[in-house]
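A short write-up of the structure that comes next.
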Amino acid sequence: MTFSGVARPNNRPLPNQIASQGADMRILVVEDQQDTRQVLTGLLRRWGYDVFPAESLKSGMDRLETEPPIDVILSDIGLPDGTGYALVSEARRRGKRVLAIALSGYAYPGDVRIAKLAGFDHHLSKPCDCHYLRTILQDRASWTT
């Protein structure tokens, strides 16, 4: 949709600039709610990231061992066959150097502490602040391998 007479703010990238910002970062999105998974996958792809959606703990675990390796895990906590805690704990046990972001409806301080203890680096509550998520991902892109 085009809005005539509306100027594009200077700090917003043009559509052809968006795709280059992900620069080969691979993100595993583990979310059991199909609509949420599809929206997150579409948004992250629009930002230029390679996205691998998974709907369960098992499918997320299976993706951990494929090549090329995952750079970021963005996971719901409550999954139909387990938890995001188990996924990230296993990724850490396997020595995976990933940025782990919890995306959950569980947002009490105790829930955030449990996520940190399980190995998550960040905890975002649903609905998430997409600008903050993007900032976290851009910071991850600056890590050296």
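Worth pointing out:
- Qualifying residue in the range 61-77 (condition: in contact with a Lys or Arg (Cβ under 6 Å, 6 or more places away or on another chain) and among the small types (Gly, Ala, Ser)): no
- Reported count of residues in the range 39-56, each being under 12 Å from the mean Cα position of the chain (by Cα), over 14 Å from Cys130 (Cβ atoms) and of a type outside the set (Gly, Ala, Ser), is 4.
- A single entry from Val39, Val88, Val112 fulfils the requirement of being at pLDDT 95 or above, out of contact with any helix residue (DSSP H, G or I) (no Cβ under 9 Å at 6 or more places or on another chain) and assigned to a helix (DSSP H, G or I): Val39.
- In the range 35-63, residue farthest from Ala86 (Cα to Cα) [restricted to those that are crowded, with 18+ Cβ neighbours inside 10 Å and of a type in the set (A, V, I, L, M)]: Leu44
The values are calculated or read from the model by the stated rules, or taken from the named source; none is laboratory data. Keep in mind it's a predicted model, so treat the numbers as computed, not measured. Every residue, glycine among them, receives a Cβ derived from its backbone with ideal geometry; neighbour counts consider all protein chains shown.
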